[in-house]
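Peer 1: Sharing a structure below in structure tokens format, with a few things to ask.
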Amino acid sequence: MASLPYVTSSGNIEKALAGIKAAAVPEFVSQDFVKTILKIPGGSGNQMTTFLKKLGLAAGDGKPTDLYISFRNPATSGKAIANAIRKAYAPLYIRSEYMHELDDDSLRGLIIEETGQAHDANSVRYTFSCISALKKFAKLARWISKTLQIKKTRSRITVSSQFMSSLIPPILLKLVVLA
């Protein structure tokens, strides 16, 4: 049974991510940075510091990671948070490779299966709220779906025509003969 990352006040996720985009890159993502610059006080600030590390935005020693830098770039921001979700909630993706597309009840059920917690446990509610808050910043469907379009089916590999057309010029695609 996995322990999935969460904070008890998921509303602070939006505040933290907006603050990260607005502030200069710090030397360390410390509790002082989170409380003073991101303006998340008290115990919530302590939780957020740890949460940002579990997302991979900060290394274990608190130094901002490449993912942190990518998140600050408007062109790569959505992909960076998609990567963070994929890393932090990897056990859920093992159970369902399309975790990001599940409806609310199915996602809660997946969290319950993975954690072994009761359906009404606070940790289930907090984890669900955190994933929902993060998904607002991520370009999940576009990025993750592209990585999952090649699937192994029995002993053959099938590839969607839409994915192939993005890799192979249309003129060459007509020459491919599928058995």
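Only the coordinates and a few stated rules stand behind these numbers; no lab work does. On a predicted model such as this, the values are computed, not experimentally measured, just so you know. Cβ coordinates were reconstructed from backbone atoms using ideal geometry, including for glycine residues, and neighbour counts include every protein chain displayed.
Peer 1: Remind me, relative contact order of region 11-148 in percent, using alpha carbon pairs under 8 angstrom and six or more residues apart? Numbers along the way, then the final one.
Peer 2: Details: 148 pairs, mean separation 30.6, N = 138.
Normalised by residue count, the contact order of region 11-148 is 22 percent.
Peer 1: Also: Mind listing the long-range amide H neighbours of Ala59? Cut-off is under 5 Å, sequence gap 5 or more, other chains count too, H placed in the peptide plane at 1.01 Å from N.
Peer 2: Residues meeting the amide H criterion: Thr65.
Peer 1: Just in region 72-129: which chymotrypsin sites (Phe, Trp or Tyr not before Pro) are loop by DSSP and have at most 16 other Cβ atoms within 10 Å? Mind dumping the intermediate values first?
Peer 2: Details: sites: Tyr89, Tyr93, Tyr98, Tyr126, Phe128; in loops: Tyr89, Tyr98.
Those satisfying the criteria are Tyr98.
Peer 1: Something else: With a ≥ b ≥ c the root eigenvalues of the C-alpha gyration tensor of region 11-148, is it rounded (a/c under 1.5), prolate (a/b larger than b/c) or oblate? Walk me through the numbers on the way to the answer.
Peer 2: Details: a/c = 2.12, a/b = 1.36, b/c = 1.56.
Since a/c reaches 1.5 but b/c is at least a/b, the shape of region 11-148 is classed as oblate.
Peer 1: For the pair Asn122/Ala22, report the inter-label distance in nm, with labels modelled 7 Å from Cα in the Cβ direction.
Peer 2: 2.9
Peer 1: Residue separation times 0.36 nm, minus the C-alpha to C-alpha distance between Leu102 and Ser132: what's the value?
Peer 2: On the way: separation 30, 0.36 × 30 = 10.80 nm, distance 1.10 nm.
Extra length from Leu102 to Ser132 when fully extended: 9.7 nm.
Peer 1: Quick check: residue separation of Gln31 and Ser3 times 0.36 nm, minus the Cα distance between them. What number comes out in nm? Walk me through the numbers on the way to the answer.
Peer 2: Working: separation 28, 0.36 × 28 = 10.08 nm, distance 2.23 nm.
That works out to 7.8 nm of additional length.
Peer 1: Return the distance in nm (one decimal) between the two label points of a simple spin-label model at Lys39 and Glu113, each offset 7 Å from Cα along Cα→Cβ.
Peer 2: 4.1
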